[in-house]
Amino acid sequence: MCGIVCYVGEKSAKPILIEGLRRLEYRGYDSAGLAVQNGNEISCYREVGKIANLEALVDGKSMEGSTGIAHTRWATHGEPSVKNAHPQRDQEENVYVIHNGIIENYHLLKKQLEKKGITFRSETDSEVLAQLIAFYFDGNLADAVRKTMSQVEGTFGMGVIHRHVPGQIVVARRGSPLIIGVSDEGHFVASDVSAMVRYTNKVVHLQENELATVTADDFSILTASAQQIQRSTETVEWRAEDAELNGFPHFMLKEIYEQAYTIKNAFRGRLEPGEGVPKLGGIMPVWEDLKNCRHMVLVACGTSYYAACVGKYIFEKLTEIDTEVGLASEFRYRKLNFPSNTFVVAISQSGETADTIAAIKEAKRKGARLLGIVNVVGSTISRETDAGIYNHAGPEIGVASTKNFTSQLITLTLLALLLGRHQHLSLTEGIQAIRALEALPDQVRELLGQSSHIEAIAEKYFHCANWLFLGRKYNYPIALEGALKLKEVSYIHAEGYAAGEMKHGPIALINPEMPTVAIIPDDEMHEKMLSNIHEIKSRKGPVIAIATQGDEKVREIADDVIEIPPILDFLTPILSVIPCQLLAYYCAKFLERDIDKPRNLAKSVTVE
Ligand code: F6R
């Protein structure tokens, strides 16, 4: 949500900032802006819409200077407009601020400042930061930012420059991520590493309530109470090319295709086939408690929540742990009462989702131990949890989550298998599961070979305004995820249902214009799913079945069939979700949607 990129160094800031914004655009794309400083001169441009509009605006404009801040916005307070775009300025135009987050007490602060004669020009909460910093400034920018931090409630990742403090950027964080990038050609600060990975892979994570003063040659970190912090750099494993399209028309398609090897990355080096048990170094710090855990809660939002829902079934299959799932956005409003030795597992691609962070903080308060299943290394959730497992899926740029989902299913399976092997699972069962995991990358490749068939199915149905997705047990969450993917990127209305619920209402919708995607692998639910398909066909509803290879019964009745290779029942979701992702992608393509940047959405929801 909102992308921030700052640079101070030897190079010209403008092209670095524009390039950084392009890479952060998936975090928000309703308006953008940048400010570049040269001595006491600051040139600032802002534009509504995508980064391309800002690029066109600044094209040919001389913006000298090697210090600058830039922002791509996902509006919270105030409509997308030039006056509400960032950087926001104080009334004298000395302070320029970019901000990600929400200042909850901005009304009160604004009123207080207005009483002092200060005039506001935007409808944003962020302008109050610029005005307050200007108000407190007495020559020391970091001090003014620190005083401002003590006044504001809410969340922020901010970058600040001041006309009279050239060559210096002050950045601060509370609740919104900020990473300092260190290179020989200067320093970067961004809300995620993809904005700087082209220039450096040496980073320092700013932590809660810290601020940093960053110059071309140095950076220094302070706590909110002005204590100096020494922190050494970490090396990130993401490469610049991971964040490139590499010949694909969209990141979503690229990331769907990457799954053959991202799945492998999720279990690489973690399987001990002879022992039938995975090794998960990241959870060793809590292993003594975890191995005796009898109650587990998986919390997440959106697609990660659907991974949690599959995870619950996998835990029920492989372990003796009583497992429940919780939507992070609802979790903290519940009266939580955990049995002793409960583990709450936060599942998050970004590791920065505000609701998931709030949920684990509440769980910790109530005495639960915390695990994280996270993709972004060093992210807030990875730091706030007692231990965890990384997905190693590489950067996910498409706003609609795809490859990370299948990696989450792998890491959840590894965790369940490890615990199950310490409980009741036999060596044979362990070895069988590991062999099935190892077979997955080739099976995914085989499945992706059907892309043009899936594209043809999408072409047949993309004009239909309403779709239904049905599944049972392990594939019920895949019905939910399939529907979510379709609505997110194509804006087609879709509903995901447990197939057994169909007769309790949604069957009223079935007609020849409403396709149903029925997920029917060859498992214990097969006969029941087949009955559901017959019920739909009797009402002339078209059926697209996702079935196991060679399923003649399904072929006889369904209008279209997408075949998945045979696999253990609890691993079928890893395969069945891929046709759902491709159907969503191709429908969106035929409808000419902006697939990587669907309307109103942004990746990484860092506000509640
Ligand atoms: C859907 C999607 C979102 C995210 C959700 C949680 O395609 O991307 O629903 O899954 O916002 O995000 P993370 O996993 O970063 O916590």
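Quickly run through the stretch 63-85 and pick out the residues that are surrounded by 18 or more Cβ atoms within 10 Å (Cβ to Cβ) and of a type in the set (A, V, I, L, M, F, W, C).
Passing the criteria: Met63, Ile69, Ala70, Trp74, Ala75, Ala85.
So, in the stretch 86-125, how many residues would count as being in a loop (DSSP other than H, G, I, E, B), within 28 Å of the chain's Cα centre (by Cα), surrounded by 17 or more Cβ atoms within 10 Å (Cβ to Cβ) and at pLDDT 95 or above?
Start the filter on the stretch 86-125 by keeping residues that are in a loop (DSSP other than H, G, I, E, B), which leaves 86-87, 90-94, 101-102, 104-105, 116-125.
Checking which are within 28 Å of the chain's Cα centre (by Cα) leaves us with 86-87, 101-102, 104-105, 123-125.
Imposing the further condition that a residue be surrounded by 17 or more Cβ atoms within 10 Å (Cβ to Cβ) reduces the set to 86-87, 101-102, 124-125.
Those still in the list that are at pLDDT 95 or above too: 86-87.
Number of matching residues: 2.
Looking at (1) part of a helix (DSSP H, G or I); (2) farther than 15 Å from Lys589 by Cβ; (3) away from the ligand (no atom under 15 Å from the Cβ), can you tell me which one Leu484 breaks?
Exception for Leu484: condition (3).
In the stretch 342-374, which residue that is surrounded by fewer than 24 Cβ atoms within 10 Å (Cβ to Cβ) and over 25 Å from Glu288 (Cβ atoms) is farthest from the ligand (Cβ to nearest atom)?
Here the answer is Ala358.
Where residues in the stretch 308-323 are touching a helix residue (DSSP H, G or I) at 6+ places or on another chain (Cβ under 6 Å) and assigned to a helix (DSSP H, G or I), which of them is nearest to His422 (Cα to Cα)?
Filtering the stretch 308-323 for residues touching a helix residue (DSSP H, G or I) at 6+ places or on another chain (Cβ under 6 Å) gives 309-311, 313-315, 317-319, 321, 323.
If we keep only those that are assigned to a helix (DSSP H, G or I) too, we end up with 309-311, 313-315, 317-318.
Values: Cys309: 23, Val310: 21, Gly311: 18, Tyr313: 18, Ile314: 15, Phe315: 13, Lys317: 14, Leu318: 10 Å.
Of everything passing the filter in the stretch 308-323, Leu318 is nearest to His422 (Cα to Cα).
Do you know which residues across the stretch 321-341 are surrounded by fewer than 24 Cβ atoms within 10 Å (Cβ to Cβ) and at pLDDT 95 or above?
Once the filter is applied, which keeps residues that are surrounded by fewer than 24 Cβ atoms within 10 Å (Cβ to Cβ) and at pLDDT 95 or above, the stretch 321-341 yields Ile321, Asp322, Thr323, Glu324, Val325, Gly326, Leu327.
What number of residues in the stretch 21-62 are basic (Lys, Arg) and either part of a helix (DSSP H, G or I) or surrounded by 21 or more Cβ atoms within 10 Å (Cβ to Cβ) (or both)?
Of all residues in the stretch 21-62, those basic (Lys, Arg) come to 22-23, 27, 46, 50, 61.
In the following step, the residues that additionally are either part of a helix (DSSP H, G or I) or surrounded by 21 or more Cβ atoms within 10 Å (Cβ to Cβ) (or both) were identified as 22-23, 27, 46.
Number of matching residues: 4.
Residues are listed down the side, and each one gets a yes or a no for (1) over 30 Å from Asn600 (Cβ atoms); (2) out of contact with any His (no Cβ under 6 Å at 6 or more places or on another chain); (3) in the same structural domain as Val48 (by TED's automatic domain parsing):
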residue: Pro80; (1), (2), (3): no, yes, yes
residue: Asn84; (1), (2), (3): no, yes, yes
residue: Leu141; (1), (2), (3): yes, no, yes
residue: Gly157; (1), (2), (3): no, yes, yes
residue: Val160; (1), (2), (3): no, yes, yes
residue: Ile169; (1), (2), (3): yes, yes, yes
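Name the pairs whose Cβ atoms lie under 9 Å apart, with the first residue in the stretch 373-384 and within 18 Å of Thr262 (Cβ to Cβ) and touching a residue at least 12 places away in the same chain (Cβ under 8 Å), the second in a helix (DSSP H, G or I) and near the ligand (Cβ under 9 Å from one of its atoms), and 6 or more positions between them or separate chains?
The qualifying pairs are Ile373/Ser304; Ile373/Ala307; Ile373/Ile381; Ile373/Gln408; Val374/Ile381; Asn375/Asn404; Asn375/Gln408.
So, of the residues in the stretch 487-497 that are more than 11 Å from the ligand (Cβ to nearest atom) and not in a strand (DSSP E or B), which turns out to be surrounded by the fewest Cβ atoms within 10 Å (Cβ to Cβ)?
Keep residues of the stretch 487-497 that are more than 11 Å from the ligand (Cβ to nearest atom), which gives 490-497.
Cutting the leftovers down to not in a strand (DSSP E or B) gives us 490-492.
Working: Ser490: 24, Tyr491: 16, Ile492: 22.
Among those residues, the one meeting the criterion is Tyr491.
Is it true that some residue in the stretch 382-391 is touching an Asp or Glu at 6+ places or on another chain (Cβ under 7 Å), modelled with pLDDT of 95 or more and hydrophobic (A, V, I, L, M, F, W, C)? Give the steps one after another, and end with the answer.
Initially, the stretch 382-391 is screened for residues touching an Asp or Glu at 6+ places or on another chain (Cβ under 7 Å), giving none.
Looking for residues that are touching an Asp or Glu at 6+ places or on another chain (Cβ under 7 Å), modelled with pLDDT of 95 or more and hydrophobic (A, V, I, L, M, F, W, C), one finds none in the stretch 382-391, hence no.
Just to confirm my filter: which strands (runs of 3 or more DSSP E) fall fully inside the stretch 209-303 and include at least 2 residues that are farther than 18 Å from Ile410 by Cα? Reasoning before the result, please.
On the way: elements: 210-214, 219-223, 295-300.
Strands (runs of 3 or more DSSP E) meeting the threshold: 210-214, 219-223.
Need the failing condition index for Gly326 against (1) within 9 Å of the ligand (Cβ to nearest atom); (2) of a type outside the set (Asp, Glu); (3) in a strand (DSSP E or B), just the number.
For Gly326, the failing item is (1).
Taking only the stretch 572-593 into account, find how many residues are touching a residue at least 40 places away in the same chain (Cβ under 8 Å) and either in contact with a Ser or Thr (Cβ under 7 Å, 6 or more places away or on another chain) or surrounded by fewer than 19 Cβ atoms within 10 Å (Cβ to Cβ) (or both). It would help to see each step written out before you state the result.
Step one: filter the stretch 572-593 for residues touching a residue at least 40 places away in the same chain (Cβ under 8 Å), giving 572-591, 593.
Applying the additional criterion that residues be either in contact with a Ser or Thr (Cβ under 7 Å, 6 or more places away or on another chain) or surrounded by fewer than 19 Cβ atoms within 10 Å (Cβ to Cβ) (or both) yields 574, 577, 581-582, 584, 587-588, 590-591, 593.
So the answer is 10.
The values are calculated or read from the model by the stated rules, or taken from the named source; none is laboratory data. If you're wondering where the values come from, they're calculated on a predicted model, not measured in any experiment. Here the Cβ is made from the backbone with ideal geometry for all residues, glycine too, and neighbour counts use every protein chain on show.
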